[in-house]
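Enquirer: Pasting a structure here, questions to come.
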Amino acid sequence: MQKINYPTFILVTLFAVSILANQSSDKKVKAYRIETPLIIDGVLDETMYSNTPIDDFTQKNPDEGKPATELTNVWVGYDDEYIYFSAKLSDSEPELIDQMLVRRDNFSSSDWFIVGIDPFFDKRTGFMFAVNAGGSVADATVSNDTRIDESWDGVWESKVLVDTNGWNVEMKIPFSQLRFSEGEVMEWGINFERDIKRKNEESYFEMVPKDENGYASRMATLVGLQGVKMKQRIEFLPYLVQKAQFLQHEDGNPFYKGNQFQTSVGGDFKIGVGSNLSFDGTINPDFGQVEVDPAVVNLSAFETFYQEKRPFFIEGSSIFNFGRGGANNNWGFNFGTPELFYSRRIGRSPQVWSDSDYDYMDRPGDTRILGAAKFTGKINDSWSVGTISSVTERTYQTLQLGGNQFEEEIEPLTHYGVFRTNKQFSDNKQALGVIFTSVNRDVSNPNVKNQLVNEAYSFGTDGWTFLDEDETYVVTGSVVGSYISGSKESITSKQEEPYRYAQRPDATYNILDTNLTSLSGWYSRIMLNKQKGNFYINAALGAASPNFDHNDIGFQWNADKINGHLVLGYNWYEADGIFRRKTIYAAHFESYDFEGDILNNGFMVFSHFEFENYFNIGFDVGYFPGSFSKTNTRGGPKTLNPSSCFFEIDGYTDRREDYVIQYNAEIGSDELGGDAYSFGIDFQWKPSPQIDFSIGPEFSNNLSMLQWVTAVEDVNATNTYGSRYVFGEMNQKTISANIRLNWTFTPKLSLQLFVQPLISVGNYANFKKLERPRALDYDYYGDNGSTITYDSDNSEYTVDPDGSGESNFTFENPDFNFKSFRANLVFRYEVLPGSILYFVWTNDRSNYENQGKFDVANDFANLWEAETDNVFLLKFTYWIDI
């Protein structure tokens, strides 16, 4: 289960929702030109501080609308190269100021001063800069009014000073780090927030009621910026990486030594094009990620989605978001907007496999990126543009058989391209955007040609329009077309993908055609969303045609589907003596395929309550009537899913405390007798201002009455189109824990440790066959004249489906016992602004003994004794600003 970073979520979301609603502000902030640059030391003794500060702050929490309990004075200054934000944050109890040290961009509960700016004043985009009383910093970019992207790390300076009157902060931000439309006289959007941890107080210069919504659309006006000329921005970021790998390997492996120690050198560069556009490029890029992916057990037909963690791709990625603009909520319910650009496709693991025999293999784990470039920014205040172009090299695996070595191509030379632009109209009340993606491969190798398409394109347009002057209701929509082409074999493989399964023997629409050399499809969706107020509504209708395909550069989970949903809800924002806030939503959704069969059907209720003591609790419940499945038989006929239901509870304690508990529990069942339950609890401990430790154990038990095993051809299986589809009753038990230690020595020096042990055991029994498609009709092997026997020596089952002895078949015992231990240690030191030294250690071990037997003590012992992979990495990047 993916965890929400609740401190970050709460602080950023409340800041985003609160400071900027959908109405213009009459407040103005004066920026003062200074002749001598400020000395960033936290001492407010320069002449700029003789000017009148702004001090009109209003509470959002806990007492909405009342003046802030502590005085905050803020000044804004600028010179030719920098803009300065300074604040004197008075405190009547300075000994209680929270000076917690956290790693960059970790919005833990603390005493914060936050600046939000909208340099284009387009009311849709912006930047956020934050400093807490301990000197820790955070920054982010803003898109679509409320979407916060913390992946951006600007190069700027700050300093705090705590004294007997409170604390001071000075921030120095180069204009070169920002994007704006250059002019002799400029006006920007601006807002300020102050958080006081012990009071749970959030106060704002521009405060918006809790039933309002927005971020960049509600800011005060920054005036006084005159004569600012953006200098030519040229930045270089060379890097040096030294990697040492000590991996599991076979004795005598001739390839191991050559891959054990690796050194790489390269660099990124950034060139400003005017004041609002930039060109980013990279030479011999280092696109390895510092953080590891978590271990998962995936028993579905679909691949696992992993978040992007490579800085080149995550920085500024919001400009490539598609289909989600305008609305502040985008409910999906098994449909949603397609992920047209999934950057982890670039540099992915090689996709091509062969049947060649070998004694030893040297197969690269990823595809090297030869070069990549980005062009992003704004043409003017209302028109954004972004492009990405990347080339990955032709990749080979080396095999050795009988002392002879030979190479095989496993990934062709490939170009990936993305173009995105968005234009806003009518004071940002409407917008229209376009996206184009392309994948072009040199598939000259016959084996590669049979497995991969040679070109893939998608073209889409999206937009939104508000329906009223107050911008309460918004309609968003998108339309996408896709086209792929390649050999007959590669297009046949595309038709057989899990999100399509055109080879189904009972298909009546879009039937598999092995002579095709191209596929084209489309997607479309329209959605209504209420942006603010107590009452809430969200409704959508969308469809994806059977041949819609964008998976070569995107991440695809849907095709051949028509979907609709309705969400109604109510929010109580006023405290009532028990709760500070209450939320209840009710939803219904349905999905159909183009054959008219219902694929998803559900009724759900979501609720969330915040108590007066800042404890939170939520309850979710759902009921799902029976529906059809195209995926259960992995390309066979449709089956009927049993009706099911679930109940979930989750919550957490006051985030301000040194001890915080987060918990969740869920139970569910279906009409066949299947059931599932899970629970998890996360303990967070902050023993000092520098240390944040958490441990989150989880346990789940899942009894599936219809878990896929295999399919066997049998001409006598006439009811199921000449194949027997075998299922089993699987009991899966999983125990795991996420353990994290964040030790921040100084705002620029930190240590992060992530440890994840995981044991997942599946035991199969009561094997059965699908007797009749489109029904809950299954026959158990061992009944009605059939027999099933188990050969423990070969770990396989033998089935005689009719007792005749003429149609016997075997299948491997599907029991499993997957044990994994992953550890990731990251030491980060910001030597100079923008120049960072990393030391990384990764430990990975796994074990598969005792299939189907869940014994925690024995499993952990086996895991601890397993062979390990250890990788050590030293990386240094140096920022050069010309």
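Enquirer: If you check every pair at least six apart or on different chains, which have Cβ atoms under 7 Å apart with a residue in segment 527-540 that is farther than 13 Å from Asn330 by Cα first and a residue that is modelled with pLDDT of 95 or more and not in a strand (DSSP E or B) second?
Expert: none
Enquirer: Next up: Restricting attention to strands (runs of 3 or more DSSP E) lying wholly within segment 118-166, give those where 2 or more residues are open to solvent by 30 Å² or more (accessible area, probe 1.4 Å), without any contact (Cβ under 8 Å) to a residue 12 or more places away in the chain and under 29 Å from Val474 (Cβ atoms).
Expert: It comes to none.
Enquirer: Output the number of the condition that Ala327 fails; it satisfies all remaining conditions of (1) at pLDDT 90 or above; (2) open to solvent by less than 20 Å² (accessible area, probe 1.4 Å).
Expert: Evaluating Ala327 over (1) at pLDDT 90 or above; (2) open to solvent by less than 20 Å² (accessible area, probe 1.4 Å) leaves (1) as the failure.
Enquirer: Continuing with the same structure: Would you say Ala507 is small (Gly, Ala, Ser), within 24 Å of Arg774 (Cβ to Cβ) and in contact with a helix residue (DSSP H, G or I) (Cβ under 8 Å, 6 or more places away or on another chain)?
Expert: no
For (1) modelled with pLDDT of 90 or more; (2) surrounded by 14 or more Cβ atoms within 10 Å (Cβ to Cβ); (3) β-branched (Val, Ile, Thr); (4) more than 30 Å from Leu178 (Cβ to Cβ), each residue gets a yes or a no:
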residue	(1), (2), (3), (4)
Leu240	yes, yes, no, no
Leu247	no, yes, no, yes
Asn253	no, yes, no, yes
Lys257	no, no, no, yes
Gln262	no, no, no, yes
Gly267	no, yes, no, no
Ser275	no, yes, no, no
Ser278	no, yes, no, no
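Enquirer: Scan segment 167-202 for residues that are assigned to a strand (DSSP E or B), touching a Pro at 6+ places or on another chain (Cβ under 7 Å) and under 29 Å from Ile97 (Cβ atoms) and jot them down.
Expert: Glu201
Enquirer: Leu222 is checked against (1) open to solvent by less than 10 Å² (accessible area, probe 1.4 Å); (2) part of a loop (DSSP other than H, G, I, E, B); (3) closer than 25 Å to Ser90 by Cβ; (4) among the hydrophobic types (A, V, I, L, M, F, W, C) and fails just one. What number does that condition carry?
Expert: Tallying (1) open to solvent by less than 10 Å² (accessible area, probe 1.4 Å); (2) part of a loop (DSSP other than H, G, I, E, B); (3) closer than 25 Å to Ser90 by Cβ; (4) among the hydrophobic types (A, V, I, L, M, F, W, C), Leu222 fails exactly one: (2).
Enquirer: Then there is this: So, of the residues in segment 767-784 that are open to solvent by 50 Å² or more (accessible area, probe 1.4 Å) and touching a residue at least 12 places away in the same chain (Cβ under 8 Å), which turns out to be nearest to Phe821 (Cα to Cα)?
Expert: Tyr780
Enquirer: Tell me, please, whether a residue that is assigned to a strand (DSSP E or B) and open to solvent by less than 50 Å² (accessible area, probe 1.4 Å) can be found in segment 505-513.
Expert: No: zero hits.
Enquirer: For the list (1) open to solvent by less than 30 Å² (accessible area, probe 1.4 Å); (2) touching a Phe, Trp or Tyr at 6+ places or on another chain (Cβ under 6 Å); (3) more than 26 Å from Glu64 (Cα to Cα), I need the number of the one condition that Gly569 fails.
Expert: (3)
Enquirer: Can you name every residue in segment 738-766 that is of a type in the set (A, V, I, L, M, F, W, C) and free of Cβ contacts under 8 Å to residues at least 40 places away in the same chain?
Expert: Hit for segment 738-766 is Ala765, nothing else.
Enquirer: Considering only residues that are among the charged types (D, E, K, R) and open to solvent by less than 40 Å² (accessible area, probe 1.4 Å), look in segment 797-847 and name the one that is farthest from Asn870 (Cα to Cα).
Expert: This residue is Asp800.
Enquirer: Inside segment 841-882, can you point out the residues that are over 15 Å from Leu825 (Cα atoms) and of a type in the set (S, T, N, Q)?
Expert: Those that are over 15 Å from Leu825 (Cα atoms) and of a type in the set (S, T, N, Q): Ser846, Asn847, Asn850, Gln851, Asn858, Asn862, Thr868, Thr877.
Enquirer: Residues of segment 42-69 being open to solvent by less than 20 Å² (accessible area, probe 1.4 Å) and part of a loop (DSSP other than H, G, I, E, B), which ones?
Expert: Across segment 42-69, the qualifying residues are Gly42, Phe57.
Enquirer: Same structure, new question: Please specify each residue of segment 20-41 satisfying the condition of being modelled with pLDDT of 90 or more and either open to solvent by less than 80 Å² (accessible area, probe 1.4 Å) or outside any loop (DSSP other than H, G, I, E, B) (or both).
Expert: Lys27, Lys28, Val29, Lys30, Ala31, Tyr32, Arg33, Ile34, Pro37, Leu38, Ile40, Asp41
Enquirer: Then there's this: If you check every pair at least six apart or on different chains, which have Cβ atoms under 6 Å apart with a residue in segment 260-277 that is in contact (Cβ under 8 Å) with a residue 60 or more places away in the chain and part of a strand (DSSP E or B) first and a residue that is crowded, with 18+ Cβ neighbours inside 10 Å and not acidic (Asp, Glu) second?
Expert: Listed by first residue and then by second, the contacts come to Gly272/Arg233; Gly272/Ser278; Leu277/Gly377.
Enquirer: Give the residues of segment 585-598 that are open to solvent by less than 20 Å² (accessible area, probe 1.4 Å) and assigned to a strand (DSSP E or B), sorted by residue number.
Expert: Ala587, Phe589, Ser591
Enquirer: A further question on this structure: For Ser92, state whether it is open to solvent by 10 Å² or more (accessible area, probe 1.4 Å), among the hydroxyl-bearing types (Ser, Thr, Tyr) and more than 25 Å from Leu749 (Cα to Cα).
Expert: Against the criterion (open to solvent by 10 Å² or more (accessible area, probe 1.4 Å), among the hydroxyl-bearing types (Ser, Thr, Tyr) and more than 25 Å from Leu749 (Cα to Cα)), Ser92 qualifies.
Enquirer: What single numbered condition from (1) aliphatic (A, V, I, L, M); (2) open to solvent by 20 Å² or more (accessible area, probe 1.4 Å); (3) in contact with a Phe, Trp or Tyr (Cβ under 9 Å, 6 or more places away or on another chain) fails to hold for Met527?
Expert: Of the numbered conditions (1) aliphatic (A, V, I, L, M); (2) open to solvent by 20 Å² or more (accessible area, probe 1.4 Å); (3) in contact with a Phe, Trp or Tyr (Cβ under 9 Å, 6 or more places away or on another chain), the odd one out for Met527 is (2).
Enquirer: Here's a follow-up. Given the criteria within 28 Å of the chain's Cα centre (by Cα), among the β-branched types (Val, Ile, Thr) and open to solvent by 30 Å² or more (accessible area, probe 1.4 Å), does Val391 qualify?
Expert: yes
Enquirer: What about Glu698, is it buried (at least 18 other Cβ atoms within 10 Å of the Cβ) and closer than 30 Å to Phe611 by Cα?
Expert: Criteria met by Glu698.
Enquirer: If we only count strands (runs of 3 or more DSSP E) wholly inside segment 338-427, which ones have 2 or more residues that are of a type in the set (Lys, Arg) and at pLDDT 90 or above?
Expert: Result: 414-425.
Enquirer: If you check Ser490, Ser458, Ser478, which single one turns out to be modelled with pLDDT of 95 or more, over 30 Å from Asn330 (Cβ atoms) and open to solvent by less than 10 Å² (accessible area, probe 1.4 Å)?
Expert: Of the residues listed, the single one that is modelled with pLDDT of 95 or more, over 30 Å from Asn330 (Cβ atoms) and open to solvent by less than 10 Å² (accessible area, probe 1.4 Å) is Ser490.
Enquirer: Another question, if that's okay. Quick check on my filter: what residues within segment 23-56 are within 15 Å of Trp188 (Cβ to Cβ) and either among the β-branched types (Val, Ile, Thr) or touching a Cys at 6+ places or on another chain (Cβ under 6 Å) (or both)?
Expert: The answer is Val29, Ile54.
Enquirer: Report, by residue number, each residue of segment 865-882 that is of a type in the set (A, V, I, L, M, F, W, C), modelled with pLDDT of 90 or more and open to solvent by 80 Å² or more (accessible area, probe 1.4 Å).
Expert: Correct list: Leu874 only.
Enquirer: Going through segment 726-764 one residue at a time, which ones are under 30 Å from Asn808 (Cα atoms) and open to solvent by 40 Å² or more (accessible area, probe 1.4 Å)?
Expert: Asn731, Asn763
Enquirer: Oh, and also: In segment 396-416, what residues are buried (at least 16 other Cβ atoms within 10 Å of the Cβ) and in contact with a Phe, Trp or Tyr (Cβ under 8 Å, 6 or more places away or on another chain)?
Expert: Matches in segment 396-416: Thr398, Leu399, Gln400, Glu408, Glu409, Ile410.
The values are calculated or read from the model by the stated rules, or taken from the named source; none is laboratory data. None of these values were measured; they are calculated from a predicted model. Cβ sites come from the backbone with ideal geometry, for glycine too, and all protein chains shown count toward neighbours. The protein model used for the area step is the full one, side chains on, heavy atoms only, and it has no ligands, DNA or RNA in it. Shrake-Rupley method; radii C 1.70, N 1.55, O 1.52, S 1.80 Å.
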